[in-house]
Amino acid sequence: MSDSPRTRQIKDLLRSLNRAGVRDRDVLLAIATVPREYFVAPSLRPVAWTDHALPIGAGQTISQPLVVGLMTQALRLTGTERVLEIGTGSGYQTAILCELARWVLSIERHTSLAIQARRRLDALGYRNVAIIVADGSEGWPPAAPFDRILVTAAAREVPAALLEQLSPDDGARLVIPVGPPDEQELLVIERREGRFHRHSLGPVRFVPLVPGAPRPEEDEHNW
Ligand code: SAH
């Protein structure tokens with residue numbers, strides 16, 4: 001039997017991610033498993049399986065699948081980790097983490113986005129996740145340390161609080177876009193023998209990591 005159009009779109013996307021450097025089979029499988037169309041507005045469903053960032057309301061975007069693939073691969077998850085994610089957004093990257101880690105705590109500053117993300121993750125049956133509305137640049141000390149930390153909004157500098165909340169174990173990792181608003185470097189910071197080693201995965205462009213609670217006019221639900 002020939003593939004449905006949806007299956008064809010998924011296969012095309014996986015091939016293109018693989019060519020662009022997403023080689024980890026578990027990460028590719030997670031991307032194939034999580035229904036991305038579920039995390040965007042109905043009008044955007046036809047393009048949900050293309051390799052583009054898309055608007056999700058409150059002026060935010062769901063990340064491009066390639067960037068989700070590269071960031072997730074860089075975390076080197078094995079299935080046993082407790083992960084902190086900053087910037088829940090649509091919850092799409094959160095679902096990918098739920099597929100590959102033991103437990104995920106995700107922090108979002110926009111209440112409207114956090115509520116929708118929680119609803120979607122619940123409906124898809126993810127039980128190994130908690131979503132909190134707060135300023136994620138402070139991390140979440142009560143649940144620290146974390147084996148992995150993923151930041152999906154651009155920071156000017158690596159927040160000291162996040163480094164402090166990273167597990168002291170070898171292999172603990174923080175993946176974070178760092179730099180000015182127009183372009184950032186995707187940094188991987190790894191703990192080895194008690195020290196932090198960092199390398200860059202190249203240039204990326206994310207919406208900014210904004211401290212504090214959103215102003216009411218910033219938090220509207222616009223789709
Ligand atoms: N990973 C998301 C996309 C994230 S866009 C997805 O897959 O859909 C970045 C998100 O970070 C936005 O939702 C934004 O509201 C949130 N954000 C920005 N600054 C934040 C902060 N200080 N604390 C928590 N979330 C923040």
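The values are calculated or read from the model by the stated rules, or taken from the named source; none is laboratory data. Everything quoted here is computed from the prediction, not taken from an experiment. Note: ideal-geometry Cβ built from the backbone for every residue, glycine included; neighbour counts use all protein chains shown. Side chains included, ligands, DNA and RNA excluded: accessible areas come from the protein's heavy atoms. Shrake-Rupley method; radii C 1.70, N 1.55, O 1.52, S 1.80 Å.
Provide a single number: the residues in region 170-195 that are in a strand (DSSP E or B) and more than 18 Å from Val83 (Cβ to Cβ). I'd like the intermediate steps shown before the answer.
Of the residues in region 170-195, the ones in a strand (DSSP E or B) are 173-178, 184-192, 195.
Pick out the ones that are also more than 18 Å from Val83 (Cβ to Cβ) and you get 178, 184-185, 192, 195.
Residues meeting the conditions: 5.
Please work out which residue is most open to solvent (accessible area, probe 1.4 Å), limiting yourself to region 82-117 and to residues that are among the charged types (D, E, K, R) and touching a residue at least 60 places away in the same chain (Cβ under 8 Å). I'd like the intermediate steps shown before the answer.
Going through region 82-117, the residues among the charged types (D, E, K, R) turn out to be 82, 85, 99, 102, 108-109.
With touching a residue at least 60 places away in the same chain (Cβ under 8 Å) added as a condition, the list becomes 82, 85, 99, 109.
Numbers: Arg82: 60, Glu85: 1, Glu99: 77, Arg109: 34 Å².
Here the residue is Glu99.
Would you pick out the residues in region 1-40 that are among the aliphatic types (A, V, I, L, M) and at pLDDT below 95? Quick ask: steps written out before the conclusion?
Let us first name the residues in region 1-40 that are among the aliphatic types (A, V, I, L, M), namely 1, 10, 13-14, 17, 20, 22, 27-32, 34, 40.
The one that is among the aliphatic types (A, V, I, L, M) and at pLDDT below 95: Met1.
Among the residues of region 196-215, which ones are touching a Pro at 6+ places or on another chain (Cβ under 7 Å) and outside any strand (DSSP E or B)? Reasoning before the result, please.
From region 196-215, those touching a Pro at 6+ places or on another chain (Cβ under 7 Å) are 204, 206, 208; that's our starting set.
Hit for region 196-215 is Phe206, nothing else.
With the structure loaded, tell me whether Leu70 is of a type in the set (A, V, I, L, M) and open to solvent by 40 Å² or more (accessible area, probe 1.4 Å) or whether it fails that test. Show your work before the answer.
Working: of a type in the set (A, V, I, L, M): yes; open to solvent by 40 Å² or more (accessible area, probe 1.4 Å): yes.
So Leu70 passes the test.
Just wondering, is there one or more residues in region 44-66 that are aromatic (Phe, Trp, Tyr), on the phi < 0 side of the Ramachandran plot and surrounded by fewer than 18 Cβ atoms within 10 Å (Cβ to Cβ)? First the steps, then the outcome.
To start, the set of residues in region 44-66 that are aromatic (Phe, Trp, Tyr) comprises 49.
Narrowing the set further to residues that are on the phi < 0 side of the Ramachandran plot leaves 49.
Cutting the leftovers down to surrounded by fewer than 18 Cβ atoms within 10 Å (Cβ to Cβ) gives us none.
Looking through region 44-66, none of the residues is aromatic (Phe, Trp, Tyr), on the phi < 0 side of the Ramachandran plot and surrounded by fewer than 18 Cβ atoms within 10 Å (Cβ to Cβ).
Identify the single condition in (1) outside any loop (DSSP other than H, G, I, E, B); (2) open to solvent by 20 Å² or more (accessible area, probe 1.4 Å); (3) away from the ligand (no atom under 14 Å from the Cβ); (4) of a type outside the set (D, E, K, R) that Ile132 does not satisfy, given that it satisfies every other one.
Result: Ile132 passes all but (3).
Somewhere in region 91-98, is a residue touching a strand residue (DSSP E or B) at 6+ places or on another chain (Cβ under 8 Å), within 20 Å of Val204 (Cα to Cα) and of a type in the set (S, T, N, Q)?
For region 91-98, residues touching a strand residue (DSSP E or B) at 6+ places or on another chain (Cβ under 8 Å), within 20 Å of Val204 (Cα to Cα) and of a type in the set (S, T, N, Q): present.
Would you be able to tell me the number of residues in region 155-169 that are assigned to a strand (DSSP E or B) and open to solvent by 10 Å² or more (accessible area, probe 1.4 Å)? Spell out the reasoning first.
First, pick out the residues of region 155-169 that are assigned to a strand (DSSP E or B): 155, 166.
Okay, now just the ones that are also open to solvent by 10 Å² or more (accessible area, probe 1.4 Å), so none.
Number satisfying all stated conditions: 0.
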